[in-house]
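As structure tokens, the structure follows; a few thoughts come after it.
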Amino acid sequence: MAATYENHYPEILYKCFFINAPAIFPLLMGMLKTVIAPKTLKKIKTYGSDKKDWGKDLLELIDADQLGIKYGGTKFRKAIHIPEERES
């Protein structure tokens with residue numbers, strides 16, 4: 001299935017970052033490596049929770065004003081209040 005997808009949609013992935021990946025993630029990636037093309041695997045980066053590891057990489061691709069503060073950028077997003085639905 002993955003080979004078919006890659007044949008029909010080549011180079012659709014530019015970069016992929018997994019941030020705060022759980023400890024089991026390398027095991028899952030190990031299984032996926034058997035079905036994902038090596039060219040695609042080079043585009044995937046996996047990081048733990050340390051911002052020092054992934055902060056610079058994100059800012060190389062995403063402008064700081066478009067990246068949330070939580071991820072090392074300067075964009076502030078207000079919390080949106082969504083009222084609960086009333087029972088009729």
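Quick note: the coordinates plus some simple rules give every number you see, no bench work behind them. Just so we're clear, the structure is a prediction, and the values are computed from it rather than from any experiment.
For the chain, just say rounded, prolate or oblate: build the C-alpha gyration tensor, square-root its eigenvalues into a ≥ b ≥ c, call rounded for a/c under 1.5, and beyond that prolate if a/b exceeds b/c, oblate if not. Before the final figure, lay out the partial values.
Working: a/c = 1.96, a/b = 1.47, b/c = 1.34.
Prolate, since a/c reaches 1.5 and a/b exceeds b/c.
Grab the Cα-Cα distance for D53 and T74, subtract it from 0.36 nm times how many residues apart they are, and report the gain in nm with one decimal.
Values: separation 21, 0.36 × 21 = 7.56 nm, distance 1.82 nm.
Extending this stretch completely gives an extra 5.7 nm.
Anisotropy class assigned to segment 1-49 is oblate, per the alpha carbon gyration tensor with a/c at or over the 1.5 cut-off and a/b no larger than b/c. Distance between the C-alpha centres of segment 40-66 and segment 12-37: 14 Å, rounded to the whole angstrom. The angle between the Cα long axis of helix 51-61 and the longest principal axis of the Cα atoms of the chain comes to about 80 degrees, rounded to the nearest 10.
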